[in-house]
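Engineer: Below is a structure I'd like to ask you about.
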Amino acid sequence: MDRALWTLGLVAFIALMAGLLLLGWRHRAGRQVDIPALPEVPATLGADLVEPLAGVYVATTRSGSWQDRVVVHTLGRRAAAEVRAVPEGVLIDRVGETPVFIPAASITMIGTAPGIAGKVIGQPDGILVISWRLGSRLLDSGIRAEDRDLQQDWIAAARGLVSDAGDFDTPIDTPTTDAPATAPEGTEDQGGSSTRTDGATA
């Protein structure tokens, strides 16, 4: 009898925790109604600029706030993915989930960070981070690559897609983060700001 009560209590506790998580997820989505829908994937894409990068799409956050996960438009769903850099932009092709297409004109930084919401590697290049503009919001999308050497080649090739920050006139409030993205090729991060590969800060 005691074992049955303990089992029922455990099941009830798990159900309560799951319900609270779902409620929190819905409240977070309600606070993110200002984030517009994702761009559509073009019907045709050009040739890959570099070999596609296999790995896991981890999360997307508001830029500069590495734990502020974005959950709207399926961006909060982790999935295995292939990341392609093409002339039109970056395609994060997620297995079993909606693909995330980032137009080249929207990309503001491509670099690495030790972690992003839901995944902390503890190594400076543990997570590939793509910072990009969606409407008036700046977001960071993180991918855990399987091949770290290929990740460096991918970043080097994809840097040509990064847009000039001056092309954007809408200001963005960028919260301070304790896990900033690190841009390749020796650019430095200043405090909590994300350093773009063109030398500007967001």
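Engineer: So which residues in region 110-130 are more than 14 Å from Gln151 (Cβ to Cβ) and either touching a Leu at 6+ places or on another chain (Cβ under 9 Å) or without any contact (Cβ under 8 Å) to a residue 60 or more places away in the chain (or both), if there are any at all?
Structural biologist: Within region 110-130, Ala117, Val120, Gly122 meet the criteria.
Engineer: Which members of region 76-86 meet the condition of being of a type outside the set (D, E, K, R) and surrounded by fewer than 22 Cβ atoms within 10 Å (Cβ to Cβ)?
Structural biologist: Within region 76-86, Gly76, Ala79, Ala80, Val86 meet the criteria.
Engineer: Also, quick follow-up: Filtering region 135-153 down to residues that are of a type outside the set (D, E, K, R) and assigned to a strand (DSSP E or B), which residue is farthest from Asp125 (Cα to Cα)?
Structural biologist: Ranking the qualifying residues of region 135-153, first place goes to Leu138.
Engineer: Could you list all residues from region 64-75 that are under 14 Å from Val33 (Cα atoms) and assigned to a loop (DSSP other than H, G, I, E, B)?
Structural biologist: Val70, Val71, Leu75
Engineer: Looking only at region 78-95, which residues are aliphatic (A, V, I, L, M) and without any contact (Cβ under 8 Å) to a residue 40 or more places away in the chain?
Structural biologist: Within region 78-95, Ala79, Ala80, Val95 meet the criteria.
Residues are listed down the side, and each one gets a yes or a no for (1) over 11 Å from the mean Cα position of the chain (by Cα); (2) closer than 18 Å to Pro36 by Cβ; (3) of a type in the set (Asp, Glu):
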{"site": "Ala80", "(1), (2), (3)": "yes, no, no"}
{"site": "Asp93", "(1), (2), (3)": "yes, no, yes"}
{"site": "Ala105", "(1), (2), (3)": "yes, yes, no"}
{"site": "Ile116", "(1), (2), (3)": "no, no, no"}
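Engineer: Name every residue in region 49-89 that is farther than 16 Å from Ile107 by Cβ and acidic (Asp, Glu), in order of residue number.
Structural biologist: Listed by number, the residues that qualify are Glu51, Asp68, Glu82.
Engineer: Report yes if some residue within region 144-151 is without any contact (Cβ under 8 Å) to a residue 40 or more places away in the chain and among the acidic types (Asp, Glu); otherwise report no.
Structural biologist: Within region 144-151, one or more residues are without any contact (Cβ under 8 Å) to a residue 40 or more places away in the chain and among the acidic types (Asp, Glu).
Where a number appears in this text, it was derived from the coordinates with a stated rule and is not lab data. Bear in mind the structure is a predicted one, so any value in this text is a computation, not a measurement. Because the Cβ atoms are built from the backbone with ideal geometry, glycine has one as well, and the counts that use them run over all protein chains shown.
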